[in-house]
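Please read the structure below before turning to the comments.
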Amino acid sequence: VRLNAALLNYSRGVDEQFADVSIEELIEDTCLVVHGRIRRHRLELKIEPGIVAHCCRGQIERVIGNLLTNASDAIGGEGEDAGEPGIIRISADSVNDDTQIRVVVEDSGPGIPTELTDAVMRPFYTTKSPARGTGLGLYICRGIVKGHKGDLSLGRSASLSGAAVTFTLPVGHLAGHI
């Protein structure tokens, strides 16, 4: 039942309305939806309990889903591209005097070279093979996050040594009540 509900939320269209949403539930549901793409790797969740974002749930689930599948691909995906299993970590907490939520998706892959951090945010630029990527994922993710009055940035994971993608969202009005 939860997977069905998660799939419905994930597939909502662009006419979705902003609402207050539990970040913990949103992240857990997204992990269910993309499980088939990331299952080779150990997934670690570090989510501050009770935080609520004011967002279009389906859009943010697509952002997180894209970041998770990018992390899996970077470590080594399925089939011929499969490398050793790695670690994908998602953390979420409140920041900036509890006015924003910070979500970080980190991986144990090779990371994004510093000289490519601007390039990978441009449309149609990809480090993947043509069969694996269009070069639109991070570009679209950044647009969705900016549409939510947030920000998205790329860096290196201090603890996992791979990429770290951080984005922020406004805190919902019901923060602490879910």
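The values are calculated or read from the model by the stated rules, or taken from the named source; none is laboratory data. Everything numeric in this text was worked out from a predicted model, so none of it was measured. All Cβ positions, glycine included, derive from the backbone under ideal geometry; neighbour counts span all protein chains shown. Each accessible area value is taken on the protein alone, full model and side chains, heavy atoms only, with ligands, DNA and RNA left out. Shrake-Rupley method; radii C 1.70, N 1.55, O 1.52, S 1.80 Å.
A few points about this structure:
- Verdict on I23 being at pLDDT 95 or above, more than 23 Å from L136 (Cα to Cα) and surrounded by 19 or more Cβ atoms within 10 Å (Cβ to Cβ): yes
- Scanning region 104-132 for residues being under 26 Å from H35 (Cα atoms) and modelled with pLDDT of 85 or more gives a total of 9.
- Residues being open to solvent by 40 Å² or more (accessible area, probe 1.4 Å), within 24 Å of C31 (Cβ to Cβ) and assigned to a helix (DSSP H, G or I) - total across region 104-145: 4
- Selection count where residues are modelled with pLDDT of 90 or more and closer than 23 Å to T30 by Cβ, scope region 75-103: 15
- Elements of the type strands (runs of 3 or more DSSP E) sitting completely within region 27-103 and holding at least 3 residues that are surrounded by fewer than 20 Cβ atoms within 10 Å (Cβ to Cβ) and of a type outside the set (A, V, I, L, M, F, W, C): these cover 42-47, 87-95.
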